[in-house]
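Notes follow the structure.
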Amino acid sequence: MTRLPELTITPRDSLAGYDRIDIDLPEARIGNVRCRFMGEKVVVYSIQIFPEFQRNGYATATIDMLKARYEVIVADRVRFTARGFWEKMGFRPLPDGNWEYRRPTR
């Protein structure tokens, strides 16, 4: 069973205006997300799970945590090879090459 990662938001000056989410398990950092927070919206520029931790559901768990916290998530300029992941996560393509998730209204 996959353990959900704890998200630690750590601003980094070296990312030239980007925010960064470090994806941590209690014993190890397993990846990070380069993004930009904009109120109730977050734009994801890249999500990286380190190779030794891939294929354990950590990217899915990370996006699920973001979906619980933000109304709108935009995946910036999604590569062709990553489209299946974003579609599986409930994102829809936009005309500009980005993919978007909007939390359903209740």
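The values are calculated or read from the model by the stated rules, or taken from the named source; none is laboratory data. Being a predicted model, the structure only gives us computed values, none of them experimental. Neighbour counts run over all protein chains shown; Cβ positions are idealised from the backbone, glycine included.
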Q: Would you be able to say whether some residue in the range 37-54 is of a type in the set (Lys, Arg), surrounded by fewer than 19 Cβ atoms within 10 Å (Cβ to Cβ), part of a strand (DSSP E or B) and touching a helix residue (DSSP H, G or I) at 6+ places or on another chain (Cβ under 8 Å)?
A: no
Q. Quick one: would you say Ala68 is assigned to a helix (DSSP H, G or I), surrounded by fewer than 14 Cβ atoms within 10 Å (Cβ to Cβ) and hydrophobic (A, V, I, L, M, F, W, C)?
A. yes
Q | Pairs with Cβ under 7 Å, 6+ apart, first in the range 86-97 and at pLDDT 95 or above, second among the acidic types (Asp, Glu) | A | Phe91/Glu100; Arg92/Glu100; Leu94/Glu100
Q: State whether the residues of the range 9-29 include one that is modelled with pLDDT of 90 or more, among the polar types (S, T, N, Q) and farther than 17 Å from Asn98 by Cβ.
A: no
